[in-house]
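Colleague: Below you will find the structure I want to go over with you.
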Amino acid sequence: MANVNTELTGRLVDAAAHILVENGPGGLSLRKVAAAAGVSTMPVYTLFGDKQGLLDAMHREGFLRLGAALAAAPRTGDALADLGALGLAYRDAALASPHLYGLMFTSGFGHTEAADATYRPLVAAVARCQADGVFAGNDPEPVALHLWALAHGLVSLELGGKITGESYAEQLTYASLAFLRR
């Protein structure tokens with residue numbers, strides 16, 4: 001039964017995210033979500049309770065998907081290559097769920113644990129680069145924040161049609177290495 005609820009929750013979250021992107025916050029209702037997902041309103045109310053519960057679930061699901069993508073990034077003996085793989089996994093997750101991506105970084109949600117869990121692998125990867133002598137310093141936090149901001153900005157530009165996917169990897173690598181190897 002948990003698998004059925006997980007699948008249904010995912011379908012409803014995706015339907016809601018598409019409605020939110022297309023119609024804005026005022027156009028989102030549990031009734032519209034149910035219709036878009038092809039279910040009655042009962043499971044929507046049972047799973048989420050109300051509109052805020054649905055928005056919370058969308059926010060949490062976005063970070064869960066991002067966390068799964070980052071966890072699946074390859075880990076090799078090359079710390080810098082692994083860090084690059086995390087950046088590409090971040091991009092892939094955003095492009096796979098662009099309708100959730102924007103919502104993930106808005107305020108008013110209390111899922112700091114889910115958000116923090118997606119940031120920790122980046123901090124660990126930077127610490128590994130520092131330990132291997134690839135990056136100077138011994139505090140990975142400012143470097144990780146820089147890389148996160150850079151990746152987030154590049155993904156947002158790509159989703160907005162301002163840069164291409166080829167530019168993402170090139171810009172991420174160039175800007176990061178220029179900044180980090182000063």
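Colleague: When the chain is fully extended, how far beyond the present Cα-Cα distance does Met42 get from Val21, taking 0.36 nm per residue of separation?
Modeller: Contour length minus the Cα-Cα distance gives 5.2 nm.
Colleague: When only Cα pairs under 8 Å and 6 or more residues apart are kept, what is the percent relative contact order across the chain?
Modeller: 18
Colleague: As I understand it, the dipole of region 1-134 uses +1 on the Cβ of Lys and Arg and -1 on the Cβ of Asp and Glu, about the Cα centre. Which of Leu8, Ala35, Pro121 lies farthest toward its positive end?
Modeller: Value computed over the given set: Ala35.
Colleague: Another question, if that's okay. Using Cα centres only, tell me the gap between region 43-76 and region 89-137 in whole Å.
Modeller: 14
Colleague: Heavy-atom accessible area of His152 with all protein chains present, probe 1.4 Å, nearest 10 Å²?
Modeller: Accessible area of His152: about 50 Å².
Colleague: In addition: Which value at 222 nm does the chain reach when only helices count, each DSSP H run of 4 or more adding -39,500 (n - 2.57), with the total divided by all residues and rounded to the nearest 500 deg cm²/dmol?
Modeller: One gets -25500 deg cm²/dmol as the mean residue ellipticity at 222 nm.
Colleague: If you put +1 on each Lys and Arg Cβ and -1 on each Asp and Glu Cβ, how big is the dipole of region 8-82 around its Cα centre, in Debye rounded to 20?
Modeller: Dipole about the Cα centre, nearest 20: 260 debye.
Colleague: May I ask which residue of Thr76, His152, Leu103 lies farthest towards the positive end of the charge dipole of the chain, with charges of +1 (Lys, Arg) and -1 (Asp, Glu) on Cβ and the Cα centre as origin?
Modeller: Leu103
Colleague: Taking Rg and Dmax of the Cα atoms in Å straight from the coordinates, which label in (1) 18.3, 58; (2) 15.9, 51; (3) 16.0, 48 is the correct one?
Modeller: Given (1) 18.3, 58; (2) 15.9, 51; (3) 16.0, 48, the structure-derived one carries the label (1).
Colleague: Could you tell me the convex hull volume per residue, in Å³, taken over the Cα atoms of region 58-142?
Modeller: 88
The values are calculated or read from the model by the stated rules, or taken from the named source; none is laboratory data. Predicted model, so just to flag it, every value in this text is computed and none were measured. Ideal geometry is used to build each Cβ from the backbone, glycine not excepted, and the neighbour counts take in all protein chains shown. Please note that ligands, DNA and RNA were not included when accessible areas were found on the heavy atoms of the full protein model with its side chains. Shrake-Rupley method; radii C 1.70, N 1.55, O 1.52, S 1.80 Å.
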